[in-house]
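Colleague: Can you read through this structure? Questions will come right after.
The values are calculated or read from the model by the stated rules, or taken from the named source; none is laboratory data. What you see is a predicted model; the values in this text were computed from it and never measured. Heads up, the Cβs are rebuilt from the backbone with ideal geometry, glycines too, and the neighbour counts pull from every protein chain shown. Ligands, DNA and RNA are excluded from the accessible area calculation, which covers all protein heavy atoms including side chains. Shrake-Rupley method; radii C 1.70, N 1.55, O 1.52, S 1.80 Å.
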Amino acid sequence: MTETNHRETGEPIDPIFLERWSPRAYSGETLPTADLMTILDAARWAPSASNNQPWRFVYGVRGTAAFDRLAGLLVDANRRWAEKAGALVFVVSVNRTGAPGDENRRPIPTHSFDAGAAWMALALQARMLGYFAHGMAGVKQEEIPAELNFTEDMKMEAAIAIGRMGDVDALPEDLKAREKPSHRRALAELAFEGQF
Ligand SMILES: Cc1cc2nc3c(=O)[nH]c(=O)nc-3n(C[C@H](O)[C@H](O)[C@H](O)COP(=O)(O)O)c2cc1C
């Protein structure tokens, strides 16, 4: 049994899994580049099929042209709160081994699954440093490949806002109402012995 952050669970998991959540009330403080590199380095150590490491990150620290470019690629519903984050990271996966132009390239069927593992490592390392990481699928998918110079083997996975939590009361009313850690389905609904 673990209980923290208004969340509780029946098994003795580490509290970090309950302490990680996705707030929208960011403080507007810039994320120090050294901390961002620590967070991205944790993501780099995620496991992947054949150790292909098919994740790539495009980042921008608040107050830079890179941050503004990435913020401009979020849908408005996310941009209105995420532009107060300390940094933005776009998680991209590559779906083939080797480099564009190589003849012996092989597909990486697990490219998105592997990139998901990297995102979770990123989110937990951020939390361990006192920050919050909030994933966003709401991005301008059509504009991103050209804006970020994608090669043809790249897939946009999700954007991530990272930063310190700020004043919840500064959020618009509709977002304030949603600003609390969410719960989960029971383990018995999700885990099955041998077969469904
Ligand atoms: C891949 C992914 C995409 C998401 N997209 C959005 C999004 O576009 N906007 C948003 O506000 N939250 C988004 N979220 C946050 C989820 O809604 C949130 O993680 C989920 O409700 C569980 O809550 P928790 O992270 O606070 O535990 C996304 C999360 C993930 C992992």
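Colleague: Which residues, taken from segment 139-154, are within 13 Å of the ligand (Cβ to nearest atom) and surrounded by 13 or more Cβ atoms within 10 Å (Cβ to Cβ)? Spell out the reasoning first.
Modeller: As a first pass, look at segment 139-154 and keep what is within 13 Å of the ligand (Cβ to nearest atom): 139-141.
Across segment 139-154, the qualifying residues are 139, 140.
Colleague: Now for a different question. Quick one: which of 3, 19 is over 14 Å from residue 160 (Cβ atoms), out of contact with any Lys or Arg (no Cβ under 9 Å at 6 or more places or on another chain) and within 16 Å of the ligand (Cβ to nearest atom)?
Modeller: One residue alone meets the criteria, 3.
Colleague: Go through 106, 96, 164 for me and flag whichever is at pLDDT 95 or above, touching an Asp or Glu at 6+ places or on another chain (Cβ under 8 Å) and farther than 26 Å from residue 27 by Cα. First the steps, then the outcome.
Modeller: Numbers: 106 fails: touching an Asp or Glu at 6+ places or on another chain (Cβ under 8 Å); 164 fails: farther than 26 Å from residue 27 by Cα.
Result: 96 is the single residue among 106, 96, 164 that is at pLDDT 95 or above, touching an Asp or Glu at 6+ places or on another chain (Cβ under 8 Å) and farther than 26 Å from residue 27 by Cα.
Colleague: Please identify the pairs in which a residue from segment 95-122 that is touching a residue at least 40 places away in the same chain (Cβ under 8 Å) and of a type in the set (Asp, Glu) has its Cβ atom under 8 Å from the Cβ atom of a residue that is assigned to a loop (DSSP other than H, G, I, E, B) and open to solvent by less than 30 Å² (accessible area, probe 1.4 Å), counting only partners at least 6 apart or on another chain.
Modeller: 114/46; 114/48; 114/54; 114/108
Colleague: Within segment 42-76, restricting attention to residues that are touching a residue at least 60 places away in the same chain (Cβ under 8 Å) and of a type in the set (D, E, K, R), which residue is nearest to residue 125 (Cα to Cα)?
Modeller: 44
Colleague: Select, from 123, 158, 133, 115, the only residue that is within 14 Å of the ligand (Cβ to nearest atom), touching a Leu at 6+ places or on another chain (Cβ under 9 Å) and not charged (D, E, K, R).
Modeller: 133
Colleague: Then there's this: Filter segment 1-26 for residues that are more than 18 Å from the chain's Cα centre (by Cα) and in a loop (DSSP other than H, G, I, E, B) and give the result.
Modeller: Let us first name the residues in segment 1-26 that are more than 18 Å from the chain's Cα centre (by Cα), namely 1-15.
Within segment 1-26, 1, 5, 6, 10, 11, 12, 13, 14, 15 meet the criteria.
Colleague: Any residue in segment 127-153 that's at pLDDT 95 or above: show its pairings with residues that are assigned to a strand (DSSP E or B) and among the hydroxyl-bearing types (Ser, Thr, Tyr) at Cβ separation under 8 Å, as long as the two are six or more apart or on different chains.
Modeller: Going by the 8 Å Cβ cut-off, the qualifying pairs are 132/26.
Colleague: Which condition does residue 72 not pass, out of (1) more than 16 Å from the ligand (Cβ to nearest atom); (2) of a type in the set (Gly, Ala, Ser); (3) farther than 28 Å from residue 183 by Cα, if it passes all the others?
Modeller: (1)
Colleague: So which of 19, 29 is at pLDDT 95 or above, open to solvent by 20 Å² or more (accessible area, probe 1.4 Å), of a type in the set (Asp, Glu) and in contact with a helix residue (DSSP H, G or I) (Cβ under 7 Å, 6 or more places away or on another chain)?
Modeller: Values: 29 fails: in contact with a helix residue (DSSP H, G or I) (Cβ under 7 Å, 6 or more places away or on another chain).
Exactly one residue qualifies, and that residue is 19.
Colleague: To continue, here is another question. If a residue has to be open to solvent by 80 Å² or more (accessible area, probe 1.4 Å) and within 13 Å of the ligand (Cβ to nearest atom) to count, how many in segment 175-196 make the cut? Before you say what the answer is, go through the steps one by one.
Modeller: Taking segment 175-196 and keeping what is open to solvent by 80 Å² or more (accessible area, probe 1.4 Å), we get 178, 180, 183-185, 187-190, 192-196.
Next, from what is left, pick out any that are within 13 Å of the ligand (Cβ to nearest atom): 178, 180, 183-185.
Residues in segment 175-196 being open to solvent by 80 Å² or more (accessible area, probe 1.4 Å) and within 13 Å of the ligand (Cβ to nearest atom): 5 in total.
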